[in-house]
Amino acid sequence: MSDLATRRRGTGRGGVRVEARAKLNLGLAVGPKRSDGYHDLVTVFQSITLSDTLVVKPRRRGFRLRVRHEDASWPRPETSSGAARATGPRIPVGPSNLVLRAARLVKTRWGFAGGADITLTKRIPAQAGLGGGSADAAAAIVALAKLHGRRTSRAERIALALELGSDVPFAITGGTAIGRGRGERLRRVRLVRPFRALVAMPRWHVSTAQAFARIDARKYGLTGWSAKLRSAQHLESEGITPGVALRLGNTFERVLGARSRDFESLRARLEACGLEHPTMTGSGSAVFGVVPAGIPFERMVARFEGAERLYAVKSAASAMRTTTIRVGGPEAGMQNAQPRESAGSTRFRASVRNRSRRGGRA
Ligand code: C5P
């Protein structure tokens, strides 16, 4: 099929814009290492309103990626100096970038003609346990399928996503889900009520592969694994609150080595400002706490002592929002990837962005 013919069939001929959301692991228990080198785990995934933006437009051939970084953290005097405000490790922009890997994979598997111009606006901190890279890869899969008018089944998208990383399947499906296996065996669960959280980002970062290796060295994956599996089974029937999900704990909190004291200090400072159950997300290094109902973010932020960047987020019921960009026209056709959007999260996200802009980001 010619490039033009393929594009004519597409639903987003002008382009597709995706808001790709970060995730939290409300609980995460790592189990034993498997024969394929990965670990079995059980986790409660939760999509949140902090997001990157991916804009994908048709291009005759080849994929071109531009990345810009935006600071979406809460503007605070403690983090206004250049060094503290820097947005953490920069992501690779070459062929190893997950968006480009996703684009090439989609093109070969689904046989698309032509390429794409891709612009990625990064707000989700990297190497934080917030699933930013996975969100971007999932967004690329969905955007390219939409651009080419390709209807794909959930199973097809998930299989492709898993080739890019263990967390990418959840970044396609989103909402609240229990993940098993490598994290790809997903079961959607009921979040009892939406919640708000403050995410704190230390200046140090964690390599996921090394963190898993440290769990092996200490044999933590074997400790209480069957009890954790039983606990996850209860979660499925009960409905999820962050407090209940925390029964799983987070195995990665135990293998921080020299960073343990920094983590414990951050956890204590988050607790001291009244945040509930401060916990590490993924393999870290970000730590989040739930904001008690009725207390404004401002009050929590004002109480916090420390130079860590803080992100005000809300639970979201879907992984992404896609918008079709019409040829020569304004963006139109706002759609939810999943129909169950939690009320108010869009408005909330917009207000965070506006405030951040006033805070003078790039
Ligand atoms: O799948 P992903 O590329 O995100 O994983 C990064 C690394 O984390 C893997 O190379 C592997 O070492 C480790 N990992 C694991 N078990 C999992 C997920 C990831 O050992 N369930």
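Among the residues here, Gly175 does not qualify as surrounded by 14 or more Cβ atoms within 10 Å (Cβ to Cβ), within 16 Å of the ligand (Cβ to nearest atom) and within 13 Å of Lys23 (Cβ to Cβ). In summary, Arg261 fulfils each of the numbered conditions (1) part of a loop (DSSP other than H, G, I, E, B); (2) at pLDDT 95 or above with the single exception of condition (1). Return yes when Phe263 is closer than 27 Å to Lys33 by Cα and away from the ligand (no atom under 16 Å from the Cβ) and no when it is not. When the stated conditions are applied, Phe263 passes them. Close Cβ contacts (under 8 Å, 6 or more residues apart or on different chains) running from residues in the stretch 166-178 that are of a type in the set (D, E, K, R) to residues that are outside any strand (DSSP E or B) comprise Asp167/Gly131; Asp167/Ser134; Asp167/Gly183; Asp167/Gly282. Lys33 - would you say it is in contact (Cβ under 8 Å) with a residue 24 or more places away in the chain, among the basic types (Lys, Arg) and within 12 Å of the ligand (Cβ to nearest atom)? Spelling it out, Lys33 is indeed in contact (Cβ under 8 Å) with a residue 24 or more places away in the chain, among the basic types (Lys, Arg) and within 12 Å of the ligand (Cβ to nearest atom). Residue count for the stretch 122-157 satisfying the condition of being β-branched (Val, Ile, Thr) and without any contact (Cβ under 8 Å) to a residue 24 or more places away in the chain: 0. If you go through the stretch 40-67 and keep only what is closer than 17 Å to Gly165 by Cβ and in contact with a helix residue (DSSP H, G or I) (Cβ under 6 Å, 6 or more places away or on another chain), you end up with Phe45, Asp52, Leu54. Restricting attention to the stretch 267-282, and to residues there that are open to solvent by less than 10 Å² (accessible area, probe 1.4 Å) and closer than 17 Å to Leu26 by Cα, which single residue is nearest to the ligand (Cβ to nearest atom)? Checked the stretch 267-282; the qualifying residue nearest to the ligand (Cβ to nearest atom) is Gly282. Quick one: is Arg90 modelled with pLDDT under 95, loosely packed, with under 11 Cβ neighbours inside 10 Å and not in a strand (DSSP E or B)? No: the conditions fail for Arg90.
Total residues in the stretch 121-178 satisfying the condition of being of a type outside the set (Lys, Arg) and either closer than 13 Å to Val106 by Cβ or part of a helix (DSSP H, G or I) (or both): the figure is 32. Taken over the stretch 179-204, residues that are within 14 Å of the ligand (Cβ to nearest atom) and open to solvent by less than 80 Å² (accessible area, probe 1.4 Å) amount to 7.
The set of residues in the stretch 36-78 that are open to solvent by less than 10 Å² (accessible area, probe 1.4 Å), within 12 Å of the ligand (Cβ to nearest atom) and among the acidic types (Asp, Glu) is empty.
The values are calculated or read from the model by the stated rules, or taken from the named source; none is laboratory data. All figures in this text were calculated on a predicted structure; none of them were measured in a lab. When we count neighbours, we look across all protein chains shown, and the Cβ atoms used for this are built from the backbone with ideal geometry, even at glycine. The accessibility values were calculated without ligands, DNA or RNA, using every heavy atom of the protein model including side chains. Shrake-Rupley method; radii C 1.70, N 1.55, O 1.52, S 1.80 Å.
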